[in-house]
1. What is the P(r) of region 45-87, as percent of Cα-Cα pairs per 5 Å bin from 0?
2. Check which residues have an amide H placed less than 5 Å from K439's amide H, if you skip close sequence neighbours.
3. Which ³J(HN,Hα) values in Hz, rounded to whole numbers, follow from the phi angles of region 67-79 under the Karplus curve 6.51 cos²θ - 1.76 cosθ + 1.60, where θ = phi - 60° and Gly and Pro get x?
4. Is the shape of region 306-381 rounded, prolate or oblate, going by the alpha carbon gyration tensor and its root eigenvalues a ≥ b ≥ c, with a/c under 1.5 for rounded and a/b larger than b/c for prolate?
5. Report the local net charge at K122: Lys and Arg +1, Asp and Glu -1, summed over other residues whose C-beta lies under 12 Å from its C-beta.
6. Taking amide H positions as placed in the peptide plane 1.01 Å from N, state which residues far from N244 in sequence (5 or more) or on other chains have amide H under 5 Å from it.
7. If packing is taken as the average number of other Cβ atoms within 10 Å across a peptide's residues, how do 277-284, 264-271, 81-88 rank, most packed first?
8. Does region 333-465 classify as rounded, prolate or oblate by the C-alpha gyration tensor (a ≥ b ≥ c root eigenvalues; a/c under 1.5 gives rounded; else a/b over b/c gives prolate, otherwise oblate)?
Amino acid sequence: MIRINQIKINVSEKNINEKLKFKAGELLKIKKEAIVKIEIVKRSIDARHKPQIMYVYSVNVFVENENKIKKSVFSNNIFITKEEKYTAPPMGNIPLSKRPVIAGMGPAGLFCGYFLARSGYKPLIIERGECVRDREKRVGTFFETGILDTESNVQFGEGGAGTFSDGKLNTMVKDKGGRNKEVLKTFAAFGAKEEILYVNKPHIGTDILCRIVENMRNEIIRLGGEVRFNTKLTKIRESGGKINAIEVCEYDRIKGKERLYTIDCSVLVLALGHSARDTFEMLLKSGIHMEPKAFAVGVRIEHPQEMINMNMYGVSSHEILEAADYKVTYSSKSGRGVYSFCMCPGGYVVNASSEKGRLAVNGMSYSKRDGENANSAIIVTVTPEDYGGRSPLSGMNFQRKLEENAYREGKGKVPVQTFGDFENNIPTLEFGDIKPMIKGDYTPANIRNIFPEYISSSIIEGIHGFAGQIQGFDRKDAVLSGVESRTSSPVRILRDESFCAGIGGIYPCGEGAGYAGGITSAAMDGIRIAEAIISKYTYKY
C-alpha cells in the first residue's frame, strides 16, 4: 500500500472520503477510479491561518497495481509501506497449573486480563473497588454528600482512575509492536467511536468509557476468566523466592462484613494503580524492591471554554469542531518544568480523594465536552530530592502531606481561589466572571497555604508564561483548585528483563508500578505483561 502524508482539506468539506480519493489520485497521477480503498491513518488540525481551519490527513492508499505508479511521485510524504498487524507471541512451555491472578482492574489490569483471556489463560482479576455501575453511584453520592468510601471512589474500582477523567487516549510512548493501535482497536470494538483510530488526540469521555469497561469485563468472563470486586490484595506468600499464594480481604457490602481467605497462585500481576498506598506499604514490608520516582504536583485551572476556542479557532464556538484543547509547557527560572496535564475541554474539576483527611482533585469531561469551562492541571516537577526522606515511599508521603494541607485549607471541601488572589497570597472572598465547575462541594480559600513556596512561585511564573501562548491564560479571575497530586505514581516497583519483581512470578504492571502514564500507556503495558506470561507459560488447568 502507499502512504500519503500532509493531505489538507477544509474542515467544512462535506464528503471527506471522496475529497481524499480525489487528492490522492492527483498526487499519485492516477484516476481516482484506480483507487480500491483509502484508509485514514491520522487526522490532525491546522489552525495556524484562522479563521480558515484545515484537517491534515495521513492515509493509506490501496490501488489496483502499485507497480504502475510512477516513481517520480514518491517523496518524503508519499511512499510504499506495509500494514503493521499486532501478533501475540507463541505460547511458552512451562506448565502453569493455576490461573494467573491480576490485582487491579484499571487499564493495565483490564487489558492484561483481556489479552490473557483471549489466549485461553482464564485469568482471575481481583479489584478492591466496585463494578463500574455501582462505582458510578458511589462516586455520585460522594460528590453530593462528601461521604467518602475509601475502597470505591474516583481512584479505586473497575476501570481505574482513568474512568473518571476525559478518557484521553493519546500517548507519547513509541511502540513498534503495534500495541498502541491494538489498544485503540480494542476500545473501538467494545463501543468507542471508530475515529479514535486516527484522530490526533483521541478521547472517549467518562460516560462512554464506563460502558466500554463493562463490555470488556463481560468478554473476559465469557472467555472463561473471573472478576471479583470488593476484594483487596493484603499479603503475598512466597517460598524459595517464588510466589505460591496471596491473601485477600473480601468485603460484603450488603452484610457489612469482611472475609479473609487465600488464593493459590504462581503468577501475580500487580496492576495496582497510582493510589494504592496501603498496598505499596504492604509490598515494601514483603520485600518487594521499589524506589521513589519523580512526578509532578500543582493545581487545576479553569477558563471559559469560549476563551480557549477563540484562541485556538478564532471563534468562540465552531459549528463542526468540538471544544478546543491545549497543551503548554514552560521552564521556570529555577529550572523546574511547569506544564499542563490532563486537559479537559468543556469539563469539570472533580474531588478525587481516596483517603480520609486528605484531599486531591482531578479533571473529567463527558464525551460531548459541552461544559462551560475548560480545565487542566498546571503542575510542577518534583524529584526525590524534594521529598525529605530516603524511604522508597517518600514521594507517597510527600503527596499525603500536600493532600492533608488541602483538606485542612478547605475544611474537607475542595479549596478554590482566583489566580489573582493566589498570586497576591490572599484568600479569595468572591469570584469574577468565571464560576467554578466542580463535582463535589468546594469553598473559597488560600491555596498558597498547601504548597512549599518553590511550587507556588513556579505555578505563578508558568501561568504568566502560558499567557504568551494563550491570550488571557493569566487573567485574574481564572479559577484554581487543589491539590493536583495524583499525576503519576510516586514509586517504581523494580522489575527485571523478564518483567518480574524480586520474587519470581510477580509482574509489576502499569501506572501504579511506575511504567506508564495515562490510559493508553497503561493498557499497552498490560498487553506487554500478558505477552511475557504467554511466552513463558502454557496453561494446564
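The values are calculated or read from the model by the stated rules, or taken from the named source; none is laboratory data. Keep in mind that what you see is a predicted model, and the values were worked out from it rather than measured. All Cβ positions, glycine included, derive from the backbone under ideal geometry; neighbour counts span all protein chains shown. Areas reflect the complete protein model, heavy atoms only, side chains present, ligands, DNA and RNA absent. Shrake-Rupley method; radii C 1.70, N 1.55, O 1.52, S 1.80 Å.
1. All Cα pairs considered, the percentages come to 5, 14, 19, 16, 14, 14, 11, 6, 1.
2. Close amide H contacts, sequence-distant or interchain: V349, V350, N351.
3. Per residue, the Karplus-derived 3J(HN,Hα) values read 5, 7, 6, 5, 4, 5, 7, 6, 7, 5, 9, 9, 7 Hz.
4. Because a/c hits 1.5 or more and a/b fails to exceed b/c, region 306-381 counts as oblate.
5. It works out to a net charge of +4.
6. Close amide H contacts, sequence-distant or interchain: R237, E238, S239.
7. Ranking, from highest mean packing down: 264-271, 277-284, 81-88.
8. Rounded shape, in that the Cα axes give a/c under 1.5.
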